[in-house]
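Below: one structure, written as structure tokens.
The values are calculated or read from the model by the stated rules, or taken from the named source; none is laboratory data. If you're wondering where the values come from, they're calculated on a predicted model, not measured in any experiment. Glycine gets a Cβ as well: all are built from the backbone with ideal geometry, and neighbour counts include every protein chain shown. These area figures cover heavy atoms from the full protein model, side chains too; ligands, DNA and RNA do not enter into them. Shrake-Rupley method; radii C 1.70, N 1.55, O 1.52, S 1.80 Å.
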Amino acid sequence: MPKKINFRLLGVILLSLADEAIILAVVIIVLSQIGINLPLWVVIVSVLIFLAITFLIYRSLQKTPQLGFENMVGLSGLAIENIGAKER
């Protein structure tokens with residue numbers, strides 16, 4: 001069964017990438033205006049870092065939280081002491 005596409009999450013990721021691209025473009029333009037030209041490898045490494053950060057955010061948002069009783073429904077467990085035993 002193929003995974004269902006979460007369009008909200010996909011939109012957040014695309015907006016994050018667009019935001020990072022705009023910031024990088026503005027930084028490059030501002031630096032070139034004041035006479036600082038970045039080598040191509042610096043730009044490529046910066047883009048790869050932004051992509052890696054976005055990928056890590058995507059992976060963390062894709063996982064469901066494991067906290068709370070509602071996430072334990074249907075799981076099996078092991079009782080280490082008698083449940084409901086009356087103390088004497």
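So the values come out like this:
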read-out	value
Neighbour cut-off at most 15 other Cβ (10 Å), DSSP loop, trypsin sites (Lys or Arg not before Pro), segment 4-62	Lys4
Accessible area of the chain belonging to carbon and sulfur atoms, whole % at 1.4 Å probe	69 percent
Average accessible surface area per residue within the chain, 1.4 Å rolling probe, Å²	96 Å²
Cα extents of the chain along the three principal axes, largest first (Å)	83, 35, 17
